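Shown next, in structure tokens, is the structure this report addresses.
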Amino acid sequence: MIKTHFFRLYIPGIMAVLLFTAMLFSPRKVFSGAEDGLLLWFQVVFPTLFPFMLVSGLMMAGGGLAVISRAFGKALGRIFAVSGSGSFAVLTGFLCGYPMGAKVTADLLRSGRITKNEGRYLLSFCNNTSPAFIINFIVWKTLGQKELMVPSLVILFGVPVLLSFLFRRFYLRGDKQFRSPVEYHNNQNHTLNFSVLDSCMMDSFEAIVKVGGYIIAFSILISLCRDIGNLPVMEFLLPSLEVTNGVVMLREGIPDPALYYPLILGLTSFGGFCAVAQTDCMLQGTGISILPYLAQKLAAALAASFLAYLYMRFF
């Protein structure tokens, strides 16, 4: 009991002091890491995610979600056992990239469109790397092998789909499919005007700035830790902090394709601890714990790495 109290009281403070000290003695690394993170956010993440954040908010406020539910709800409901509103989270989570799946799930939960159990279930499989990132950055830029595009997409999207059949058993509790809350059906009131646009825009700005803050913070941490990257354990732990930098580290640090390809796909499936932190900040106010999500993403990473290894081994 005393050890637990000591850990909670002093260890976080000690770690913060050590980090602050490292920053004082390595100002160039701090500047370089912050610059890299800021450029990544400004040039890639902001123009990629912000439009989707804004439009998803407008769709939920203006009734566009009902159109999505009618168009895709039945098909996705049969495959994933989600409600009509939950189908929107599935689409955004598979197509838009981190942390859009988590943000849309949290927004649906806060607005009463889905239940908490469905929110937990959606989070377990539909917060993923976008296909554009996989194709452009992973396959073309980093791996440089176009023939790996199809297997990479099949593995990275097939794994969460298959795992959804396992995860749903923990959340459906005997039901065949999730249903939207009754009180939501009785209180649908959709409006779309400049006031709603302003509210959605400010919400999107707040979310994208939080994402940028985490990217910059983790980029600084990676820059500070590169000096101890020669240790064997750090060669695998350091890339796990942030997926964009981590993928490059794995590709440059491991010469054997049969080893770096499974590791890269595992990291891409996991998203890195930066994506976990972004997801956690999107879930604030929902009552959903980040720990089950972390365990589920690690399971997906192991499955993706294993399938990628089998592909390199036999094909």
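The values are calculated or read from the model by the stated rules, or taken from the named source; none is laboratory data. The model shown is predicted, which means the values in this text are computed figures rather than measured ones. So basically every Cβ, Gly included, is an ideal-geometry build from the backbone, and we count neighbours across all protein chains shown.
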So, of the residues in the range 242-286 that are surrounded by fewer than 21 Cβ atoms within 10 Å (Cβ to Cβ), of a type in the set (A, V, I, L, M) and closer than 17 Å to ARG226 by Cβ, which turns out to be nearest to the chain's Cα centre (by Cα)?
-> VAL248
How do the pairs read when you match residues in the range 215-226 that are under 15 Å from ARG28 (Cβ atoms) with residues anywhere that are outside any helix (DSSP H, G or I), using Cβ under 7 Å and keeping only pairs 6 or more apart or on different chains?
-> SER219/GLU242; ILE222/GLU242; LEU224/SER26
Which residue out of PHE20, PHE31 is modelled with pLDDT under 85 and either within 26 Å of PRO99 (Cα to Cα) or of a type in the set (Phe, Trp, Tyr) (or both)?
-> PHE20
Within the range 293-311, residues farther than 12 Å from LEU263 by Cα, of a type outside the set (D, E, K, R) and touching a helix residue (DSSP H, G or I) at 6+ places or on another chain (Cβ under 7 Å) come out as TYR293, LEU294, GLN296, LEU298, ALA299, ALA300, TYR311
Could you list, in sequence order, all residues of the range 290-315 that are surrounded by fewer than 18 Cβ atoms within 10 Å (Cβ to Cβ), of a type outside the set (A, V, I, L, M, F, W, C) and modelled with pLDDT of 95 or more?
-> PRO292, TYR309
If LYS210 passes every condition in (1) touching a Cys at 6+ places or on another chain (Cβ under 6 Å); (2) closer than 30 Å to PRO151 by Cα but one, which one does it miss?
-> (2)
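Residues that are in contact with a strand residue (DSSP E or B) (Cβ under 9 Å, 6 or more places away or on another chain) and surrounded by 21 or more Cβ atoms within 10 Å (Cβ to Cβ), at least 2 per element: which helices (runs of 4 or more DSSP H) completely within the range 78-160 meet that? Steps first, please.
Details: elements: 86-95, 100-110, 116-125.
In the range 78-160, there are no helices (runs of 4 or more DSSP H) which contain 2 or more residues that are in contact with a strand residue (DSSP E or B) (Cβ under 9 Å, 6 or more places away or on another chain) and surrounded by 21 or more Cβ atoms within 10 Å (Cβ to Cβ).
Looking for something touching a Gly at 6+ places or on another chain (Cβ under 6 Å), in a helix (DSSP H, G or I), touching a residue at least 24 places away in the same chain (Cβ under 8 Å) and of a type outside the set (Val, Ile, Thr) - is there at least one such residue anywhere in the range 291-304?
Among the residues of the range 291-304, at least one is touching a Gly at 6+ places or on another chain (Cβ under 6 Å), in a helix (DSSP H, G or I), touching a residue at least 24 places away in the same chain (Cβ under 8 Å) and of a type outside the set (Val, Ile, Thr), which makes the answer yes.
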Search result, residues across the range 242-272 that are aromatic (Phe, Trp, Tyr) and either farther than 19 Å from GLY93 by Cβ or not in a helix (DSSP H, G or I) (or both) = TYR260, TYR261
Among (1) part of a helix (DSSP H, G or I); (2) touching a helix residue (DSSP H, G or I) at 6+ places or on another chain (Cβ under 9 Å), the one test that GLY287 misses | (1)
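Pick from VAL233, VAL196, VAL209, VAL247: which is in contact with a Ser or Thr (Cβ under 6 Å, 6 or more places away or on another chain), at negative phi and either modelled with pLDDT of 85 or more or of a type outside the set (S, T, N, Q) (or both)?
One residue alone meets the criteria, VAL247.
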THR268 passes all but one of the listed conditions (1) more than 14 Å from PHE125 (Cβ to Cβ); (2) of a type in the set (Val, Ile, Thr); (3) touching a Lys or Arg at 6+ places or on another chain (Cβ under 9 Å); the exception is number (3)
